[in-house]
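See below for the structure under consideration.
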Amino acid sequence: MLKSNERSAPDIARGEVTPDAVEARPAPTLPTAPVEAKLPEDFPSDVPVFDGAKVAQVQQLANSAHNVIFMVDSAEAPKVFNFYKDDMEHGGWKTTQEYQGGEQSFLSFQKNGMITNVSITKDPKSGKRVIAVMYYKEEPLPFPEF
C-alpha cells in the first residue's frame, strides 16, 4: 500500500505500431547510349571542322558565346594547328593570337566582329585529341572608351 506522500509510476502503454505499406520504386536507369551533341545553329559557317572530329559537348557561355568541344580519335597536334591556321586565314579570318606547343596549342581569330578561339590539347585519359572552338560576336562596350 502507498503512503500519502509516495507516488506510483505512471502506466506504460503497451502496444505495436504498424507502418503503412510502402510501394518499392524501381531503381533509376541510365541511357544505354550517350546522347550525341550537335553543332549549335549559330556555329559560324566559315569555321571548319577538322576531319573525323565529333561534337562531344556544347557549352553556353555569357554574352551569347558558345564553346564547342570536339574529339578526334587520332590526330597530331601540329596537323590540327596548321589545319585551323591555314583554313581560317584563307577564309578571311585575321589571326590575332597564336601559341603552338607540344601537346597544347591556341589560336585566336577575328572577322566581321566575330571572335573565334581554337584550343588544341590531348585528353590524358582517352588519348584522344580535343579541339575546343569558342566563338562570340563582339559587342560595343556599354560605356565610352577612354
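Note on the stretch 41-146: enclosed strands (runs of 3 or more DSSP E) holding 1 or more residues that are in contact with a helix residue (DSSP H, G or I) (Cβ under 9 Å, 6 or more places away or on another chain) are 66-72, 94-100, 105-111, 114-122, 129-137. Scanning the stretch 102-122 for residues that are of a type in the set (Ser, Thr, Tyr), open to solvent by less than 20 Å² (accessible area, probe 1.4 Å) and free of Cβ contacts under 8 Å to residues at least 40 places away in the same chain returns 105, 108. Check the stretch 52-73 and report whether any residue there is basic (Lys, Arg) and either within 29 Å of residue 142 (Cβ to Cβ) or open to solvent by less than 50 Å² (accessible area, probe 1.4 Å) (or both). No, because not a single residue in the stretch 52-73 is basic (Lys, Arg) and either within 29 Å of residue 142 (Cβ to Cβ) or open to solvent by less than 50 Å² (accessible area, probe 1.4 Å) (or both). Looking only at the stretch 123-146, residues that are open to solvent by 100 Å² or more (accessible area, probe 1.4 Å) and either without any contact (Cβ under 8 Å) to a residue 40 or more places away in the chain or of a type in the set (Gly, Ala, Ser) (or both) come to 8 in all.
Somewhere in the stretch 29-38, is a residue part of a loop (DSSP other than H, G, I, E, B), within 14 Å of the chain's Cα centre (by Cα) and modelled with pLDDT under 75?
Taking the stretch 29-38 and keeping what is part of a loop (DSSP other than H, G, I, E, B), we get 29-38.
In the following step, the residues that additionally are within 14 Å of the chain's Cα centre (by Cα) were identified as 35-38.
Remaining after also requiring modelled with pLDDT under 75: 35-36.
Yes - at least one qualifying residue is present in the stretch 29-38.
Would you tally the residues in the stretch 66-99 being of a type in the set (S, T, N, Q), at pLDDT 95 or above and closer than 21 Å to residue 124 by Cβ? Total satisfying the criteria: 1.
The values are calculated or read from the model by the stated rules, or taken from the named source; none is laboratory data. Keep in mind the model is a prediction, meaning the values are calculated, not measured. Here the Cβ is made from the backbone with ideal geometry for all residues, glycine too, and neighbour counts use every protein chain on show. These area figures cover heavy atoms from the full protein model, side chains too; ligands, DNA and RNA do not enter into them. Shrake-Rupley method; radii C 1.70, N 1.55, O 1.52, S 1.80 Å.
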